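**Q** Got a structure here, written out as structure tokens. Questions coming.
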């Protein structure tokens, strides 16, 4: 026998093996009605149902102007380089960007208070009696710090 007929015979046998339906082991397959339907559920749920007997607290998210500063931040707040770098890294920022804000002729600044209102401060850098003004809460973030007592004449009650 030459090589060509042997190669043709082998390729024909391989083709037949792939085209014929498998008979051995077909009876060993489990029917799908015996599988547990629980495996089809997602592994976790993003929604957490409220606990029985407790109503979920609505979260206030509308923005509110808290300071009117017609002369801007000059003389009322100073730029803080350290807090600005922390803000750019996401380590000192507003909980909700612009929830509280201050109006100046040039810009609208986000506001957070040293008491923790609208402030995320995992490194505990806040100081008592201070107000923090944020501009561009992203990689360009800049933070100004002012004394709350000095800013009280500009506070808008509500």
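The values are calculated or read from the model by the stated rules, or taken from the named source; none is laboratory data. Everything numeric in this text was worked out from a predicted model, so none of it was measured. Because the Cβ atoms are built from the backbone with ideal geometry, glycine has one as well, and the counts that use them run over all protein chains shown.
**Q** Go through segment 107-126 and give me each residue that's touching a residue at least 40 places away in the same chain (Cβ under 8 Å) and part of a loop (DSSP other than H, G, I, E, B).
**A** The one that is touching a residue at least 40 places away in the same chain (Cβ under 8 Å) and part of a loop (DSSP other than H, G, I, E, B): 125.
**Q** Looking only at segment 79-106, which residues are touching a strand residue (DSSP E or B) at 6+ places or on another chain (Cβ under 6 Å), outside any helix (DSSP H, G or I), touching a residue at least 40 places away in the same chain (Cβ under 8 Å) and within 18 Å of residue 125 (Cβ to Cβ)?
**A** Answer for segment 79-106, where residues must be touching a strand residue (DSSP E or B) at 6+ places or on another chain (Cβ under 6 Å), outside any helix (DSSP H, G or I), touching a residue at least 40 places away in the same chain (Cβ under 8 Å) and within 18 Å of residue 125 (Cβ to Cβ): 79, 80, 93, 94.
**Q** Collect the residues in segment 57-75 that are over 18 Å from residue 130 (Cα atoms) and modelled with pLDDT of 80 or more, keeping them in residue-number order.
**A** 63, 64, 70, 71, listed by residue number.
**Q** Considering segment 127-153 alone, what residues qualify as being in a helix (DSSP H, G or I) and buried (at least 17 other Cβ atoms within 10 Å of the Cβ)?
**A** If the condition is that a residue be in a helix (DSSP H, G or I) and buried (at least 17 other Cβ atoms within 10 Å of the Cβ), then 151 is the only one that fits.
Residue by residue, here is whether (1) modelled with pLDDT of 65 or more; (2) farther than 30 Å from residue 134 by Cβ; (3) within 21 Å of the chain's Cα centre (by Cα) holds:
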{"site": "11", "(1), (2), (3)": "yes, yes, no"}
{"site": "43", "(1), (2), (3)": "no, yes, yes"}
{"site": "55", "(1), (2), (3)": "no, yes, no"}
{"site": "77", "(1), (2), (3)": "yes, no, no"}
{"site": "84", "(1), (2), (3)": "yes, no, yes"}
{"site": "87", "(1), (2), (3)": "yes, no, yes"}
{"site": "118", "(1), (2), (3)": "yes, no, yes"}
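**Q** Mind listing whichever residues of segment 63-78 are in a strand (DSSP E or B) and farther than 17 Å from residue 150 by Cα?
**A** 64, 65
**Q** Can I ask one more? Identify the single condition in (1) touching a helix residue (DSSP H, G or I) at 6+ places or on another chain (Cβ under 9 Å); (2) closer than 13 Å to residue 77 by Cα that residue 147 does not satisfy, given that it satisfies every other one.
**A** Checking residue 147 against (1) touching a helix residue (DSSP H, G or I) at 6+ places or on another chain (Cβ under 9 Å); (2) closer than 13 Å to residue 77 by Cα, the one that fails is (1).
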